[in-house]
Each structure stands twice: as C-alpha cells, then as structure tokens.
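Working notes, structure below.
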Amino acid sequence: MSFKWVLYSDIHGQIPQLDAVQEAVKKEEADKVVVIGDLVGLGPEPAEVIERIKGMPEIEVIIGNVDLWVTRNVWEWGEPKSPHQEWMFRMMQHTQERISKDLLEWLDKRPYSITYSPELGHDFHIFHATPYEIGDEEAFPFRLTDDEIAEKLEGYDFDIGAHGHIHGPSVRNFKKSNGKMQKLVCAAAVGMSWDGDPRPSYAVVEYHGDGKWDARVERVEFDCEKQADFNENSWIEHGERIAGMIRSGTFWNPDHMPH
Ligand SMILES: [Fe+2]
C-alpha cells in the first residue's frame, strides 16, 4: 500500500502566501492534506484564512498555540514575559475582534494532534510544536541537534512525526535508544519564515509499505515585497515588524526569539 500526505503550517492570517502554497500543492496529488496549526495571529486576514480552510472539509486541521491564544483570550490570563509578548497578546485581542463567533468556535474545536496508521505498528503522528506541549513552553527549534531531539522524543515510538511552529522546514532522521530509526519533519511556514529563506514552504510525506517512509520539503516562489507592504499598511499594531519577517525570512528581533 502507499499513501501520500501534504502538510503545511503557520499561515498566520496571510492569504496570498496560502494561495501560493495551495496552488503549488495541487500538483502533488496527495491523498490527504493536513494543516498543522496557527491559522491566525500576526497577519491581517485571520477570518479569511479560517473561512478558506473550513470551506475545504477534505483538509484535516490541528490547532496551534497562537490559535488558542486568539480563541481563548490570552490577553485576559496570559502573563507576558516581555514587551514583545505584551504586543503579541494585544494583537491576539485585535485578531479575535475580526473573527465571527462561528469561525472562532470551529477553530477552537480542532484537535491537538492526529495519528495516521497506514499499517499496524507504523504510525505517523502530527502535532503543532511537540507531542507533549502545544508550543507556549516547548518546541523543536533549529538550534537543537538531532541527538537532543531524539532524547526529547524518548518513549514516543511513531515511525515519523510532523510539526510546525518554528517557522522553517526541515527533515531530520535519528536513531532512538531502542535502535529504531525515526523521522521528524517540520512543514512550516506558510505566512512568514524564520530560517532565512522568505519563501513559503510545505512538506510531503509518503508511505510505501513495510515501514518505508519518504519525506521532503518544498519552497514556493512568492512576491514577498507586495505582501510585506500590505502588512505594513494594515490594521496590525507594528505591521512593520511582520513586514520585516515576510521580507527577510528571519524573526524581527533576535532578542525576543520565542524559542
Ligand atoms: Fe505556533
């Protein structure tokens, strides 16, 4: 048996990047498309993104930490760790004000993770940041080595995992202490990348039977300048920070790296 997934993540209210990725993934002819959370927050068109994805019921969606900040009023209970987070939490409130109750409810009901088992004993586990934490406290950032991530995944015996959240795609292969090989794919990000390449990305995972998996990530050509201008001149407080990330493919301020 074989099965092909396309995965993308961290759209963050950016419709033109979503258009570019959705156009590119058509040619993959996947059996299943999965969005790995963070549909909203940081971008000018949150309701439009939820509406688009909700209107494609063939797509599976899991929730991300920023989605939950928006649906569950983080500005009322969150303790901002920095001026950066104060700004983020205010932006989440302003984001919620632009989304209808129906769409917020739909987003809030997405699951934290999905597992596909194309054959017994061969699991593909999909989660936003880590299998045990949504991304407020824990993540698998670029700076961690494969060994460090393998250690964090002790006890998780899926063949392959996929996540988003860190805003840059990758495929890692490592050996667990039980000798089993494990793959970990980061599919992010659609809206804005932090790995130095401003192009949006998606991931492809294929199962070929008997525990054989392939994974790759693809970048999509995109007019970053035009969308950066749109963010800069939108309702977002400090839209120039979002614009900077879209233009450069890096986080706006290294002193406030979220992970
Ligand atoms: Fe996230």
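Values quoted throughout were computed directly from the atomic coordinates according to the rules given, and no laboratory measurement underlies them. All of these numbers come straight from a predicted model, not from anything done at the bench. Glycine also receives a Cβ, built like all others from the backbone with ideal geometry; neighbour counts cover every protein chain displayed.
Quick notes on this one:
- GNM on the chain, alpha-carbon springs under 10 angstrom: the most fluctuating residue among 24, 162, 243 is 24.
- Summed residue charge, Cβ within 10 Å of residue 36's Cβ, Lys/Arg positive, Asp/Glu negative: -3
- Tensor-based shape of the stretch 126-215 (alpha-carbon gyration tensor, a/c under 1.5 rounded, otherwise prolate or oblate): oblate
- Choice from 93, 85, 17 showing the highest fluctuation, given a GNM over the chain with Cα pairs closer than 10 Å: 85
- Normalised Debye scattering of the stretch 3-256 at q = 0.09 Å⁻¹ gives log10 I(q)/I(0) of -0.37, counting only Cα atoms as equal scatterers and leaving out solvent.
- Efficiency of FRET between residue 1 and residue 23 - r from beta-carbon atoms, R0 30 angstrom, step 0.05: 0.55
- Residue of 115, 95, 71 that the Gaussian network model of the chain assigns the largest fluctuation, springs spanning Cα pairs under 10 Å: 115
- Ascending count of other beta-carbon atoms within 10 Å, so fewest first, for 87, 194: 87, 194
- By the count of neighbouring beta-carbon atoms within 10 Å, fewest first, 88, 181 end up ordered 181, 88.
- Modelled label positions at residue 109 and residue 237, each set 7 Å beyond Cα in the direction of Cβ, lie 3.2 nm from each other.
- Residue 76/residue 148 FRET efficiency (R0 45 Å; Cβ-Cβ; nearest 0.05): 0.80
- Taken as Cα centroids, the stretch 153-214 and the stretch 1-56 sit 17 Å apart, rounded to the nearest whole angstrom.
- Listed residue pairs exceeding 24 Å between alpha carbons, taken from 27/176; 32/183; 4/152; 4/183; 27/109: 27/176; 4/152; 27/109
- Sorting 167, 94 from the fewest to the most surrounding beta carbons within 10 angstrom yields 94, 167.
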